[in-house]
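Undergrad: My questions will all concern the structure given below.
The values are calculated or read from the model by the stated rules, or taken from the named source; none is laboratory data. Only a predicted model underlies this, so the values are computations on that prediction, with no experimental measurement involved. Please note: Cβ atoms are built from the backbone with ideal geometry, for glycine as well, and neighbour counts cover all protein chains shown. These accessible areas exclude ligands, DNA and RNA; they are computed on the full protein's heavy atoms, side chains included. Shrake-Rupley method; radii C 1.70, N 1.55, O 1.52, S 1.80 Å.
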Amino acid sequence: MSALPPRPSALSEPPFYVGYLPVPKPLAAFLWLAVPIALSILAIVAIATARSQRDPGGAVWNDAKAREFHGIFIARPYPMLLVRPTEGDTSKPDSLKRDTTSSSELFLLVEMGKHAGRDGLSAMDGKPVVASGWTLERDGRRMIELEPDAKALALQETSISVPPTPVIVPRGRVTLQGEIVDSKCYLGAMKPGEGKTHKACATLCIRGGIPPVLVTRDENEARVYYLLVDPSGGPLDSGAWPFIGDPVEVTGDFELLGEFRVLKLSPRDISRR
Amino acid sequence: MSDSIASAILLTLAAYIAAGVCFAFGFVFRGIYTIDPAALHAPLTFRAVLIPGAAVLWPVLLRRWMLAGKKP
Amino acid sequence: MSTGYVAVQWSRHKRLYDASVAIGIAIYLGAFVGVSKAFWAGEHGISDEVILIRALGSCAIVLLHIILCIGPLARLDPRFIPILYNRRHLGVITFLVALAHATVAVGYYHGFGVLNPFRSLLTSNTNFSSLRAFPFEILGLLALLIMFLMAATSHDFWLKNLSASTWKRLHMLVYFAYGLLIGHVALGALQADRGSIGPALMFSGLCIVSGLHIAAGLKEYRKDRGAGTLVVDAGEWVDVGAPDEIPTDRARTVCAPKGERIAVFRSAGSISAVTNICAHQGGPIGEGKVIDGCITCPWHGWQYRPQDGCSPPPFKEKIATYQVRIVGGRVQVNARPLPPGTPTTPALASGGLS
């Protein structure tokens, strides 16, 4: 077809590829080398990225089997259950045993999903109840996720041995650094349940009534929790929501409620670090 | 962003997409011939592939459909 | 080239290509999930959903890096062109992986709450003035929208009906999406993680992408400067060289005074010139080859007749042609483009052979 004789240089020219024609041999050889190399790079990046993840911390969501707890219901600032420490404690792993001399344990009570609180709670305030649900626990701090059933939290007719009511002990004004998290995710519902990527979820949880907690570190880098309430002792003001999940410095009135550290906090006393 | 602005944005978006999806079905079976005769005997899979784009870019296609329809 | 449309013009090559991509994604996700499960188990286990979100998100970012590298790689070494050939499928698949990441993330972090997940997405964080607290989700959402637009308009129907320049501009938004995603990752995962491997990987990715683009740009720039732009006859005609300096069935690309590139082909004893820009996706026709008497674009194999710039029937694409002549044993091309599809008289190359 060509009027010109093929020139020697034409033989050494790079193979020309057209998608709908068979791939020239040298090019096919190149691809058989390039594609496996690319796949190996993918695997290496995947392993490196996966290895670079941080330890989310030891936390357990015992969501396999629901258990029953008997105790005194407390409605404010957040739904809680006051239980004798011996109550149904056999399942507790040694690593999570609380280092406390307290004579009773306070469980935060939350619902499934990102909710807390249900109808008729105020009528139960201070009364003996039976609660059934799943526990979440971290650093010896435990929470109960109630079963969705309406009877999962009910007044108890039979008398129980009433645990000693926790005493509120004011400890003065403190300034603390840490992160405001929602207690449910942080205690094990989501791992990790902290930090920037979890910020939106924590906001949604706290908006849905999950008790907010300030996580700080003591001088030994151990985690210390402060349950956050507003200055009048009610649930934390919504003005604090934009600071959830950020590294913050807060100033508030520190109280001990039994074994719980409670911080009375006004949104204007929160600043981003 | 306040809740009301977020709701307004989401409602507008939903209405836009809903209108787009309705338009897209009409477009891939009718309007498409007006603007591109090459689509005349195209298979169903081809039309399905166009639906996501048509549902979002529907104002552009609607304009072209109208303009092409006016031509003698 | 467009005659009748089909959803995908499958070929063996495309099947192999897509299979390789699927294998690559399976390897990535498998390795990520496997390592995460092996190293963080029991009480210290990372939530399955979080592992999935991270695996899918990082996989999409890695795929986007590959997409962005293919273009300059193919310019630097034509052996990468087969990877460029089906880049659109890779783009659509990347969008789907990113969509899966977004779906799981929105469902997990914004679902199960007192708000509709989309409302939560828009309202849960409004700290736009703080870099520390910036709602990185919005950046990812915008990038996902761009990737959706690109994936949804990837069929040649859109290329033709949105016009090639609008389509190209739309698809150049991938660089904007890449920028948004760097922000999404830097202000999201990397900020939360506080490790050093993540930022190091992200930074190397950015260096590779920008380095390859700069290298490819420099190569093109040098080629343009090297291409004979000796102008003769009052700026009308550009010198191309002796006829036999153009390889058989190949082209020599010259730069017209105004900067547009002209591909001058020699085939079957005659010399003709067309624009260097393919009507399909703007591929470099001058790096193409004459196959079965037709100039064939190296990117997707679109073909044009040398003498009139028209695709052979039944195809209807046309590209601009240029007049050529041989004066004193030198090929010259007229710098003024003729309307696409204008027939020209090829210059006879035999006069230049001795």
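Undergrad: So, C:A263, is that one part of a strand (DSSP E or B) and open to solvent by 10 Å² or more (accessible area, probe 1.4 Å) or not?
TA: Here the answer is no, as C:A263 does not meet what is asked.
Undergrad: Take residues that are open to solvent by less than 40 Å² (accessible area, probe 1.4 Å) and closer than 30 Å to A:G239 by Cα and tell me which of the helices (runs of 4 or more DSSP H) falling wholly in the range C:81-127 contain 1 or more.
TA: In the range C:81-127, C:87-110, C:117-123 are the helices (runs of 4 or more DSSP H) which contain 1 or more residues that are open to solvent by less than 40 Å² (accessible area, probe 1.4 Å) and closer than 30 Å to A:G239 by Cα.
Undergrad: Filter the range C:1-49 down to the residues that are assigned to a loop (DSSP other than H, G, I, E, B) and either under 24 Å from C:L159 (Cβ atoms) or open to solvent by 30 Å² or more (accessible area, probe 1.4 Å) (or both) and list them by number.
TA: Matches in the range C:1-49: C:M1, C:S2, C:T3, C:G4, C:Y5, C:V6, C:A7, C:V8, C:Q9, C:W10, C:S11, C:A41.
Undergrad: Also: Go through (1) open to solvent by 20 Å² or more (accessible area, probe 1.4 Å); (2) in contact (Cβ under 8 Å) with a residue 12 or more places away in the chain; (3) not aromatic (F, W, Y) one by one and return the number of the condition C:P72 breaks.
TA: The number of the failed condition is (1).
Undergrad: Any chance the range B:56-63 includes a residue that's more than 20 Å from C:A151 (Cα to Cα), modelled with pLDDT under 95 and part of a helix (DSSP H, G or I)?
TA: Yes, there is a match, as at least one residue in the range B:56-63 is more than 20 Å from C:A151 (Cα to Cα), modelled with pLDDT under 95 and part of a helix (DSSP H, G or I).
Undergrad: Considering the range A:221-242 alone, what residues qualify as being of a type in the set (D, E) and out of contact with any Lys or Arg (no Cβ under 9 Å at 6 or more places or on another chain)?
TA: A:E221, A:D237
Undergrad: Could you check the range A:211-259 and list, in sequence order, the residues that are assigned to a strand (DSSP E or B) and over 21 Å from A:C185 (Cβ atoms)?
TA: Result: A:E249, A:T251, A:G252, A:D253, A:F254, A:E255, A:L256, A:L257.
Undergrad: Taking the residues in the range B:35-47 that are assigned to a helix (DSSP H, G or I) and open to solvent by 60 Å² or more (accessible area, probe 1.4 Å) as candidates, determine which candidate is nearest to C:G4 (Cα to Cα).
TA: Filtering first and then ranking leaves B:P37.
Undergrad: Any idea which of (1) out of contact with any Phe, Trp or Tyr (no Cβ under 8 Å at 6 or more places or on another chain); (2) within 26 Å of C:A74 (Cβ to Cβ) is the one C:I326 doesn't satisfy?
TA: (2)
Undergrad: Filtering the range C:291-340 down to residues that are of a type in the set (A, V, I, L, M, F, W, C) and in a loop (DSSP other than H, G, I, E, B), which residue is farthest from the other protein chains (Cβ to nearest Cβ)?
TA: Going through the qualifying residues, I end up with C:A335.
Undergrad: Take C:A320 and tell me if it is touching a strand residue (DSSP E or B) at 6+ places or on another chain (Cβ under 8 Å), at pLDDT 90 or above and aliphatic (A, V, I, L, M).
TA: Taking the combined requirement at face value, the residue satisfies it.
Undergrad: Right, something else. Output the residues belonging to the range C:123-175 that are over 26 Å from C:H280 (Cα atoms) and acidic (D, E).
TA: C:E137
Undergrad: Here is a further query. Going residue by residue through the range C:302-313, is there one that turns out to be out of contact with any strand residue (DSSP E or B) (no Cβ under 6 Å at 6 or more places or on another chain), over 23 Å from C:R88 (Cβ atoms) and either at pLDDT below 90 or not assigned by TED's automatic domain parsing to the domain that holds C:P346 (or both)?
TA: yes
Undergrad: Could you list, ordered by first residue, the pairs with Cβ atoms under 7 Å in which the first is in the range B:1-22 and within 9 Å of chain C (Cβ to nearest Cβ) and the second is among the aliphatic types (A, V, I, L, M), at least 6 apart or interchain?
TA: If the second residue must be among the aliphatic types (A, V, I, L, M), the pairs left are B:M1/C:L122; B:A6/C:L122; B:I9/C:L122.
Undergrad: Still on this structure, I have one more. On the given criteria, is B:L67 assigned to a helix (DSSP H, G or I), modelled with pLDDT under 95 and under 8 Å from the mean Cα position of the chain (by Cα)?
TA: In short, no.
Undergrad: In addition: Between A:G133, A:G195, which is more than 14 Å from every other protein chain (Cβ to nearest Cβ), of a type outside the set (D, E, K, R) and either within 20 Å of the chain's Cα centre (by Cα) or surrounded by 13 or more Cβ atoms within 10 Å (Cβ to Cβ) (or both)?
TA: Of A:G133, A:G195, the one residue that is more than 14 Å from every other protein chain (Cβ to nearest Cβ), of a type outside the set (D, E, K, R) and either within 20 Å of the chain's Cα centre (by Cα) or surrounded by 13 or more Cβ atoms within 10 Å (Cβ to Cβ) (or both) is A:G133.
Undergrad: Next question. Where residues in the range B:48-65 are of a type outside the set (D, E, K, R) and open to solvent by 50 Å² or more (accessible area, probe 1.4 Å), which of them is nearest to B:T34 (Cα to Cα)?
TA: So, considering only residues that are of a type outside the set (D, E, K, R) and open to solvent by 50 Å² or more (accessible area, probe 1.4 Å), the one nearest to B:T34 (Cα to Cα) is B:W65.
Undergrad: Yes or no: C:S154 away from chain A (no Cβ under 14 Å), farther than 24 Å from A:W241 by Cβ and not in a helix (DSSP H, G or I)?
TA: Against the criterion (away from chain A (no Cβ under 14 Å), farther than 24 Å from A:W241 by Cβ and not in a helix (DSSP H, G or I)), C:S154 qualifies.
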